[in-house]
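Below is one structure, written out as structure tokens; the observations come after it.
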Protein chains: 2
Amino acid sequence: MKPVNLGILGLGTVGGGTVNVLSRNAHEITRRAGRDIRILQAAARDLGRQRICDTSNIDLTEDPHAVVDNPDIDVVIELIGGDTLAKELVLRALDNGKHVVTANKALIAVHGNEIFAKASDKGVIVAFEAAVAGGIPIIKALREGLSGNQIEWLAGIINGTGNYILTGMRDRGADFETMLAQAQQLGYAEADPAFDVEGVDAAHKLTILAAIAFGIPLQFDKCYQEGITQITQDDVVYAEELGYRIKHLGIAKRRERGIELRVHPTLIPERRLIANVDDVMNAVLVKGDAVGSTLYYGAGAGADATASAVVADIVDVVRVLTVDPENRVPHLAFQADALSNLPILPMEEVETAYYLRMHAVDRPGVLADTTRILADHGISIEAIIQKKASPGSEQVPVIMLTHRTVEGNMNQAIAAIESLESIQGSVKRIRLEHLNR
Amino acid sequence: MKPVNLGILGLGTVGGGTVNVLSRNAHEITRRAGRDIRILQAAARDLGRQRICDTSNIDLTEDPHAVVDNPDIDVVIELIGGDTLAKELVLRALDNGKHVVTANKALIAVHGNEIFAKASDKGVIVAFEAAVAGGIPIIKALREGLSGNQIEWLAGIINGTGNYILTGMRDRGADFETMLAQAQQLGYAEADPAFDVEGVDAAHKLTILAAIAFGIPLQFDKCYQEGITQITQDDVVYAEELGYRIKHLGIAKRRERGIELRVHPTLIPERRLIANVDDVMNAVLVKGDAVGSTLYYGAGAGADATASAVVADIVDVVRVLTVDPENRVPHLAFQADALSNLPILPMEEVETAYYLRMHAVDRPGVLADTTRILADHGISIEAIIQKKASPGSEQVPVIMLTHRTVEGNMNQAIAAIESLESIQGSVKRIRLEHLNR
């Protein structure tokens with residue numbers, strides 16, 4: 001068969017990794033795909049820059065439009081990131097009838113509905129396995145491997161930097177700032193660390209996973225985002241003492257009246273496999289009604305790991321080049337005309353358990369007051385720890401774990417507790433999930 | 001589009017589960033597949049028997065040949081197990097130009113080469129995701145999700161019964177026989193428990209995984225099989241003391257001169273994620289040159305979990321019914337004319353680390369004699385424990401962990417140690433893998 005010609009946009013970390021993997025494993029890839037795959041052209045911002053890959057057999061250009069307009073190119077690989085130029089180039093490539101493979105989570109989460117609609121019009125494919133959890137084939141697992149299931153929920157550690165920071169806070173007793181500085185030094189953190197530590201990156205990925213899991217349109221703007229900047233060493237230690245670990249999770253859950261879509265720090269029981277996913281590693285736990293709980297684990301970032309997903313997408317696209325579009329796997333797993341309009345639930349309607357930490361005046365009756373408020377709101381308590389006051393202080397830290405309740409209800413209970421004279425300052429809340437049903 | 005008609009062979013656990021899942025999730029599956037999937041006919045041995053599924057809309061027969069010969073059926077789902085009648089029926093279905101989905105690991109591991117050759121001749125598909133690790137989409141991950149990688153090795157807990165027994169021996173301090181009896185009582189163990197505890201079942205699955213990972217023909221007869229019947233409570237406790245867990249692993253590894261293909265109990269460091277996969281759960285750890293280590297975890301058996309994989313295969317087959325066969329994913333991941341003739345290495349050439357347990361006479365110089373023998377064979381030692389003699393006994397248990405060496409070399413060293421006057425009885429050996437590179 002005729003070789004397939006690729007045009008690559010961007011030769012940074014992922015672009016360079018993709019060139020390397022395609023070259024190093026060319027024989028293995030051709031044995032699988034049944035035809036040669038070659039990089040015809042690549043665009044990079046500054047051709048003078050040193051690269052991690054050998055580009056001697058590639059036609060290089062500084063003009064990415066030359067690649068998307070090149071009539072000899074079958075598949076455009078978009079690896080420049082961001083959602084402005086990338087969006088323009090992807091739409092133009094689709095207009096030109098080219099298939100697109102992208103690793104761009106922001107682009108898909110924010111503009112995916114528009115992009116997929118255009119791809120369907122043009123009868124071409126947009127593949128985006130590398131956009132979520134790096135090399136882990138989680139899109140494929142959800143979209144094809146679990147296609148017999150009604151997906152009930154999924155929960156993922158999908159930001160490696162955040163997981164690296166939280167792992168260090170637990171294993172080494174370091175504080176948040178120290179670990180963030182270290183992540184930046186090691187090159188893990190995004191240019192703008194807010195994307196990692198404020199939950200934006202995880203929200204992009206969760207938006208994509210939820211769409212594929214439930215057959216709903218991409219709705220990034222409705223995803224609740226909370227980062228890990230407020231997690232302190234004390235929280236990590238108290239959680240540990242209670243048998244839990246704090247992980248930054250993206251959670252999507254099907255409820256009767258809608259979908260929960262939320263990114264936030266979460267206490268999870270230490271015996272769960274996903275509680276033991278450490279450092280920069282990613283993992284996604286998926287609960288299907290037939291399969292039960294399944295977990296997918298691997299590197300969520302890095303040149304070669306991300307390239308692994310990009311190349312898998314390229315092979316997939318190569319295989320279906322000649323397939324009647326209506327027989328292809330739909331972009332969002334479900335047929336475009338069969339997407340559900342189940343709404344994303346507001347955060348007030350989310351149901352979860354909680355870890356609460358507050359500072360109480362050290363005198364009898366304080367616990368009675370707080371537990372009474374929780375009881376009045378129908379919230380039952382799983383555990384309470386009351387610590388000793390530090391020398392010279394009149395405040396004692398009180399930590400409570402609650403059973404499941406609705407967030408709006410908990411908001412009211414917390415407001416009532418904060419208004420008690422015996423409680424100083426605000427009540428810290430971290431959500432808690434058992435992830436076992 | 002026209003609905004797709006299925007014919008099911010076997011309405012036992014997996015057959016019944018498949019009928020249930022197809023019916024319960026019909027709406028969700030059609031939203032994904034883009035067309036209706038219906039069960040036209042099903043064959044069962046005894047139509048009078050009570051079933052876990054509703055068969056009121058299915059044409060039932062006791063003659064499985066009627067199903068494979070039924071001209072209205074597009075896809076035959078083989079769920080009767082075994083490799084005699086199943087083989088005959090699958091070959092006949094292929095001869096009749098029907099696609100086949102099967103959960104039959106023995107059939108694929110032993111007769112897969114013949115079956116795939118016939119399927120290719122006829123231009124039809126044989127899908128077998130459910131044959132390995134139940135509902136975990138591991139075939140899809142290896143065959144498609146990691147297609148950009150050179151797979152270096154994989155290691156899997158792929159027999160749930162064995163894992164249930166080993167987990168109980170560790171968590172509850174029970175012995176092998178007690179746990180086996182319990183597994184049988186709970187319905188986990190196969191009719192012939194030897195398939196589980198002697199490693200046959202795991203070897204079937206490993207044979208399939210290795211073929212797909214490395215692009216080699218199925219070679220079940222060359223797979224080394226060792227079960228868990230020789231593992232004692234002492235071994236479990238000593239392993240724990242040294243920071244290891246004993247798991248029954250199937251390991252396939254690419255070496256320069258061939259492929260290691262082996263099923264045996266294995267000590268693995270307790271901090272590895274896979275060491276924490278307990279009870280009947282399965283997990284497969286796959287190391288690719290680009291993606292690094294990835295892990296896939298889920299239920300390895302059960303009606304609904306296995307049905308999840310069967311239905312995913314059905315949806316896949318439905319999608320490519322109209323695809324030119326040469327553009328389909330090849331049965332063994334690699335194009336049939338591009339399989340490698342890399343041999344399976346004999347066990348003597350396998351390279352691994354070891355746990356050795358022996359009974360020594362309690363007198364000075366014994367350790368010196370044994371460690372000298374290991375040193376003479378170029379085997380270095382990672383750890384030694386020498387226990388106290390039980391009251392009234394003159395024997396002391398000695399446990400050693402070695403670094404990696406070649407099995408043939410270790411065989412010689414063990415023979416020499418066993419010939420020492422100070423060593424009583426035979427030396428127990430359990431292989432040890434770090435699974436970290």
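The values are calculated or read from the model by the stated rules, or taken from the named source; none is laboratory data. Source: prediction; values computed, not measured. A quick note on method: Cβ atoms are made from the backbone with ideal geometry, for glycine too, and the neighbour counts reach across all protein chains shown.
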Can you find a residue in the stretch A:128-136 that is out of contact with any strand residue (DSSP E or B) (no Cβ under 7 Å at 6 or more places or on another chain) and either of a type in the set (Ser, Thr, Tyr) or away from chain B (no Cβ under 14 Å) (or both)? no
The stretch A:38-54 - residue that is closer than 22 Å to A:Leu89 by Cα and among the hydrophobic types (A, V, I, L, M, F, W, C) and, of those, farthest from the other protein chains (Cβ to nearest Cβ): A:Leu47
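Residue check: is B:Ala309 small (Gly, Ala, Ser), modelled with pLDDT of 95 or more and either surrounded by 23 or more Cβ atoms within 10 Å (Cβ to Cβ) or within 26 Å of B:Ala183 (Cα to Cα) (or both)? Please lay out each step first, then the result.
Numbers: small (Gly, Ala, Ser): yes; modelled with pLDDT of 95 or more: yes; either surrounded by 23 or more Cβ atoms within 10 Å (Cβ to Cβ) or within 26 Å of B:Ala183 (Cα to Cα) (or both): yes.
Taking the combined requirement at face value, the residue satisfies it.
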Please indicate, with yes or no, whether at least one residue in the stretch A:125-139 is surrounded by fewer than 23 Cβ atoms within 10 Å (Cβ to Cβ), modelled with pLDDT of 95 or more and under 28 Å from B:Glu144 (Cβ atoms). no
When the stretch B:144-182 is checked residue by residue, the ones that are surrounded by fewer than 20 Cβ atoms within 10 Å (Cβ to Cβ), more than 14 Å from every other protein chain (Cβ to nearest Cβ) and assigned to a loop (DSSP other than H, G, I, E, B) are B:Arg172, B:Gly173, B:Ala174, B:Asp175
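For the structure I just gave you, tell me whether A:Asp72 is surrounded by fewer than 15 Cβ atoms within 10 Å (Cβ to Cβ), assigned by TED's automatic domain parsing to the domain that holds A:Leu332, over 24 Å from A:Asp304 (Cα atoms) and among the acidic types (Asp, Glu).
In short, yes.
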Is there a residue in the stretch A:193-205 that is assigned by TED's automatic domain parsing to the domain that holds A:Ala275 and farther than 30 Å from B:Gly288 by Cβ? yes
So which residues in the stretch B:293-303 are within 9 Å of chain A (Cβ to nearest Cβ) and assigned to a loop (DSSP other than H, G, I, E, B), if there are any at all? B:Gly302
Residue pairs meeting the criteria (Cβ under 6 Å; at least 6 apart or on separate chains; first more than 10 Å from chain B (Cβ to nearest Cβ) and among the hydroxyl-bearing types (Ser, Thr, Tyr), in the stretch A:332-352; second surrounded by 14 or more Cβ atoms within 10 Å (Cβ to Cβ) and part of a strand (DSSP E or B)): A:Thr352/A:Arg431
Of those in the stretch A:1-32 that are in a loop (DSSP other than H, G, I, E, B) and within 12 Å of chain B (Cβ to nearest Cβ), the residue surrounded by the fewest Cβ atoms within 10 Å (Cβ to Cβ) is A:Met1
Listed residues B:Leu367, B:Leu374, B:Leu420; which is within 25 Å of B:Leu345 (Cβ to Cβ), of a type in the set (A, V, I, L, M) and either touching a His at 6+ places or on another chain (Cβ under 6 Å) or not in a strand (DSSP E or B) (or both)? B:Leu374
I'm checking my understanding of the structure. Among residues of the stretch B:71-92 that are touching a residue at least 60 places away in the same chain (Cβ under 8 Å) and part of a helix (DSSP H, G or I), which one is farthest from B:Pro325 (Cα to Cα)? B:Ala86
Got a sec? Which of A:Ala141, A:Ala181, A:Ala174, A:Ala93 is aliphatic (A, V, I, L, M) and within 17 Å of the chain's Cα centre (by Cα)? A:Ala141
Over the stretch B:55-70, the set of residues assigned to a loop (DSSP other than H, G, I, E, B) and modelled with pLDDT of 95 or more is B:Ile58, B:Glu62, B:Asp63, B:Asp69, B:Asn70
Has the stretch A:6-28 got at least one residue that is hydroxyl-bearing (Ser, Thr, Tyr), in contact (Cβ under 8 Å) with a residue 12 or more places away in the chain and closer than 17 Å to A:Val318 by Cα? yes
Out of B:Ala290, B:Ala283, B:Ala252, I need the residue that is among the small types (Gly, Ala, Ser) and in a loop (DSSP other than H, G, I, E, B). Which one? B:Ala290
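Here is a list: B:Ala283, B:Ala252. Which entry is in contact (Cβ under 8 Å) with a residue 60 or more places away in the chain and within 14 Å of another protein chain (Cβ to nearest Cβ)?
None of the other options fit; the residue is B:Ala283.
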Only one of (1) in a helix (DSSP H, G or I); (2) free of Cβ contacts under 8 Å to residues at least 60 places away in the same chain; (3) not aromatic (Phe, Trp, Tyr) is not met by A:Ala141, so which one is it? (2)
Exception for A:Gly425 within (1) part of a loop (DSSP other than H, G, I, E, B); (2) in contact with a strand residue (DSSP E or B) (Cβ under 7 Å, 6 or more places away or on another chain) falls at (1)
Screening B:Thr405, B:Thr322 for residues that are under 30 Å from the mean Cα position of the chain (by Cα) and among the hydroxyl-bearing types (Ser, Thr, Tyr) leaves only B:Thr405
State all residues of the stretch A:332-364 that are within 20 Å of the chain's Cα centre (by Cα) and part of a helix (DSSP H, G or I); if no residue qualifies, say none. A:Met347
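Based on this model, can you work out whether A:Ile37 counts as crowded, with 18+ Cβ neighbours inside 10 Å, touching a Pro at 6+ places or on another chain (Cβ under 8 Å), at pLDDT 95 or above and under 18 Å from A:Pro3 (Cβ atoms)?
yes
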Qualifying positions in the stretch A:304-331 - among the hydrophobic types (A, V, I, L, M, F, W, C) and either part of a loop (DSSP other than H, G, I, E, B) or more than 7 Å from chain B (Cβ to nearest Cβ) (or both): A:Ala309, A:Val310, A:Ile314, A:Val317, A:Val318, A:Val320, A:Leu321, A:Val323, A:Val329
Being at pLDDT 90 or above and either farther than 30 Å from B:Cys53 by Cβ or outside the structural domain of B:Arg31 (by TED's automatic domain parsing) (or both) narrows B:Leu332, B:Leu401 down to just B:Leu401
Test for A:Arg45: is it touching a residue at least 12 places away in the same chain (Cβ under 8 Å), in a strand (DSSP E or B) and of a type outside the set (S, T, N, Q): no
Considering only the stretch A:221-232, I want to know if a residue exists there that is part of a helix (DSSP H, G or I) and crowded, with 24+ Cβ neighbours inside 10 Å. no
Could you please find all residues in the stretch B:335-345 being of a type in the set (S, T, N, Q) and either in contact with a Lys or Arg (Cβ under 9 Å, 6 or more places away or on another chain) or at pLDDT below 90 (or both)? B:Gln335, B:Ser340
Is it true that some residue in the stretch B:419-427 is under 16 Å from B:Tyr354 (Cα atoms), of a type outside the set (D, E, K, R) and not assigned by TED's automatic domain parsing to the domain that holds B:Leu285? yes
